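Here is the structure we will look at, set down as structure tokens.
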Amino acid sequence: IWAGMSYAYNLRLFHGISEKYLNNQKYTEYLADRYQAIKTALNNHAWDGEWYLRAVCSDGSKLGSSECKEGQIYLNPQTWAILAGVADERAEKLLETTLARLDTDFGPKLLAPAYHEINPGIGLMTRCVWGKKENASIFNHTTTWTLMALCELGQGERAIDMYERLAPISFDSDLYQVEPYVYAQYTTSDEQDRKSTRLNSS
């Protein structure tokens with residue numbers, strides 16, 4: 001579903017390019033029609049009631065649904081729904097719901113709650129320690145899309161605040177275990193026990 005959001009984003013992008021620079025009305029109309037079809041399908045089949053699903057597994061089970069015990073909500077489908085224009089009038093409420101469930105003192109987590117049990121049907125993320133890597137860490141790569149989504153909705157001040165919270169120079173040197181000028185791939189999230197685990201980055 002996240003890939004579907006990215007596809008919709010690029011269809012809209014190329015529609016704008018085609019409309020402005022190409023003298024091919026048929027192709028421009030094709031891109032517009034294809035975008036609307038994908039957008040409609042995502043809203044009809046991927047909306048979970050308060051946020052968008054991450055995927056549907058081969059056995060028909062949902063990933064990133066309120067019905068799930070773990071991994072109920074994923075960051076990427078929500079931010080890309082906003083960036084792709086799929087969320088429409090849902091966009092602002094969707095962002096608030098997403099950040100309420102995923103944001104931390106150091107930026108938003110990839111997903112929540114983290115997986116504590118290995119699920120072969122899902123794969124790698126469930127094999128990572130909770131709060132690290134793909135299993136609910138604060139991933140700097142995906143956080144940039146959250147910053148873009150905030151800007152897309154005209155919330156530049158919140159975007160700056162989030163950027164400052166995840167910037168290496170903002171961390172306490174006793175917590176940030178790499179050089180203060182290095183952007184880590186991820187930061188361990190609050191899914192780890194804060195009393196026994198130091199916040200660290202890799």
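The values are calculated or read from the model by the stated rules, or taken from the named source; none is laboratory data. Here the structure is a predicted model, which means the values were calculated and not measured. Here the Cβ is made from the backbone with ideal geometry for all residues, glycine too, and neighbour counts use every protein chain on show. Accessible surface is based on the protein model in full, side chains and every heavy atom, while ligands, DNA and RNA are left aside. Shrake-Rupley method; radii C 1.70, N 1.55, O 1.52, S 1.80 Å.
Some points to look at:
- Rotationally averaged projected area of the chain (alpha carbon convex hull; nm²): 12.9
- Put a plus charge on the Cβ of each Lys and Arg, a minus charge on the Cβ of each Asp and Glu, and nothing anywhere else: the dipole of the chain about its Cα centre is then about 480 debye.
- Surface composition of the chain: carbon plus sulfur atoms contribute 52% of the solvent-accessible area (1.4 Å probe, protein chains only, all chains present).
- Only helices enter this figure: runs of n ≥ 4 DSSP H residues, each worth -39500 (n - 2.57), summed and divided by the residues of the chain, yield -14000 deg cm²/dmol at 222 nm to the nearest 500.
- Local net charge near His15, Cβ-Cβ under 13 Å (Lys/Arg +1, Asp/Glu -1): +2
- Around the Cα centre of segment 119-189, unit charges on the Cβ atoms of Lys, Arg, Asp and Glu (plus for the first two, minus for the last two) sum to a dipole of about 360 debye.
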